[in-house]
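Derivation of every value follows stated rules applied to the coordinates shown; laboratory data play no part. Computed from a predicted model, the values in this text were never measured in an experiment. Heads up, the Cβs are rebuilt from the backbone with ideal geometry, glycines too, and the neighbour counts pull from every protein chain shown.
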Amino acid sequence: MHGGRRLEGVVRIGGAKNSILPILAAVLLNKSTDEIVLTNVPRISDVVKMVQILRSLGAEITWSGTDMVITTYNLSGFAVDEKLMREMRSTIFLMGAILARFGQVCISHPGGCAIGQRPIDLHLKGLMALGAQLREQHGYIYASCSRLIGTDIHLDFPSVGATENIMLAAVYARGTTVINNAAKEPEIVDLQNILNKMGAKICGAGTDQIKIVGVSQLHGVEYNVIPDRIVAGTYMMAAAATGGDVTLENVIPNHLDAVISKLREAGVQIREENDRIRIQAPEQINALEYVRTLPYPGFPTDLQAPIMSVLARAQGTSIIVENVFDSRFKHVGELNRMGAQIIVTSDNRTAVVHGVKRLTGASVSAPDLRAGAALVIAGLAAEGKTTIDGLEHINRGYENLENDLAKLGADIKRISSDD
Ligand code: EPZ
């Protein structure tokens, strides 16, 4: 890619990765012969992997364009393939759904990943509170329970995945389960909505207390996945980094309140109208005294790397505090190769970003999904040529990043590894 060009035009946002993944776990709860029809499904590699896992368990899935039809009447297994599990740790919330369906589940311990240790203690404590017996050995976790019993659970931290895992496990539990200090992300509301349309009895998603009354059966449904607020935020950052004028279509603006507020503080003009957001940015934005990542509705940790790329070229010094993950600054070294002046403090939780007038293109490597997106944003703003490898990380969460950006005027293309 060659940077230095303003982005201009309209881009349509696809379905949310962090919504479709737990929803694909939820469909396993459907024991009926009914079909489940999902629309606005993003064509990203994490969904490809999740489809492979569901098929390995016996689900029948047809996927054309952004529509997916799934039947899970004849599931054959409760053990998730280790290789597939290791490739995508977020499949941990399959535990709750498979345990609820079969009374037992066997998964490979997901391990850590590029953004931290990614512990699963809150998931396991939640399932044990519902009555599951757990055994961990040889890298596998085996859980069993003939019938889960509803109970009150308090999460030490509003973990998105643990909230989803417990919701899924509690759908068929006897009695009522209450999750206190639950995560409030929009993707959890999406999960509640599809489960209730399938016949579950859940309320409170979007607040810090979620109540699940156990039922005995679910049925088929047709459901439209919400737009991806993190992909939308990524394009907002790309517009802000290039002094661009970009309109996003098919978004839910209030899912991005914290992001809109921060970009306005930096001097970016943003107009919200129904399912569209228009971003008009100055050639150089102001630094932000603080960006602190927090659980929703705070500033999303998944946009910490992208906004750092924008602030790398701001007028002044910004401070970014990563409060959610313990090791999510792997993009800093790569940005500094592009002329950014960023220092990370010893606790690896705070980055001090001294804005520079110009970034310079370089060869850089994407260490994880959102850091990869941040390097693309920096390349758009940099003078000269930038080459990014590690695109497999970016493919996990972005359907057509380079095509969408090219349509907005960027000089960017994907080259195969042997080019
Ligand atoms: C989900 O991950 C998202 N992934 C992440 O998006 C997102 O960054 C994260 O929520 C926070 O919003 C999916 O939804 C598939 P958490 P998750 O459990 O569920 C600690 C992306 O780029 N924790 O809320 O794994 C954990 O270590 C990805 O799209 C425990 O200590 O996030 C972290 O510090 C990255 N024990 C914090 O909580 C546990 O049992 C937040 O984790 C679970 C989590």
Review point. Between HIS154 and GLN280, what length comes free when the chain is fully extended (0.36 nm per residue of separation minus the Cα-Cα distance, one decimal in nm)?
Key: 41.1 nm
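Fully extended, how many nm does the chain gain between ARG55 and SER327 (0.36 nm per residue separation, minus their Cα-Cα distance)?
Details: separation 272, 0.36 × 272 = 97.92 nm, distance 3.33 nm.
Full-extension gain reported as 94.6 nm.
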Practice item. Would you work out if the chain is rounded, prolate or oblate? Take a ≥ b ≥ c from the square roots of the eigenvalues of the alpha-carbon gyration tensor; rounded if a/c is under 1.5, else prolate when a/b is larger than b/c, oblate otherwise. Key: prolate
Exercise for review: Please label the shape of the range 17-224 as rounded, prolate or oblate, based on the square roots a ≥ b ≥ c of the eigenvalues of the alpha-carbon gyration tensor (a/c under 1.5 means rounded; beyond that, a/b larger than b/c means prolate, else oblate).
Suggested key: rounded
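Show me the ranking of peptides 405-416, 202-213, 309-320, 128-139 by mean Cβ neighbours inside 10 Å, starting with the highest.
So the order, starting with the most tightly packed, is 309-320, 202-213, 405-416, 128-139.
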Check your understanding: Full extension from THR39 to CYS113: what is 0.36 nm times the residue separation minus their Cα-Cα distance, to one decimal in nm?
Key -> 23.7 nm
**Study point:** Among SER346, SER64, SER144, residue whose mean-square fluctuation peaks in a GNM of the chain (springs only between Cα atoms under 10 Å)
**Key:** SER346
Study note, to complete from the structure: Rounded to the nearest 0.05, FRET efficiency between GLN315 and ASN250 (Cβ-Cβ, R0 35 Å) equals 0.60
Point to revise | Helix-only [θ]222 nm of the chain, DSSP H runs n ≥ 4, -39500 (n - 2.57) each, per residue, nearest 500 | key: -9000 deg cm²/dmol
Point to revise | Distance (nanometres) between label positions extended 7 Å along Cα→Cβ at ASN74 and ARG135 | key: 3.1 nm
Practice item. May I ask what percent, to the nearest 5, of DSSP beta bridges between residues of the range 113-266 are antiparallel? Key: 75 percent
Review point. Among the lysines, which fall within straight-line cross-link reach of LYS385, defined as a Cα-Cα distance under 20 Å, with same-chain neighbours fewer than 8 residues apart omitted?
Key: LYS357, LYS407, LYS413
Check your understanding: What is the range 252-330 by shape, rounded, prolate or oblate, if you read a ≥ b ≥ c off the alpha carbon gyration tensor as root eigenvalues and call it rounded for a/c under 1.5, prolate for a/b larger than b/c, and oblate otherwise?
Key -> oblate
Revision key, fill the gap. Under the 7 Å Cα-to-Cβ spin-label approximation, VAL10 and ASN348 lie apart by a distance in nanometres of 4.5 nm
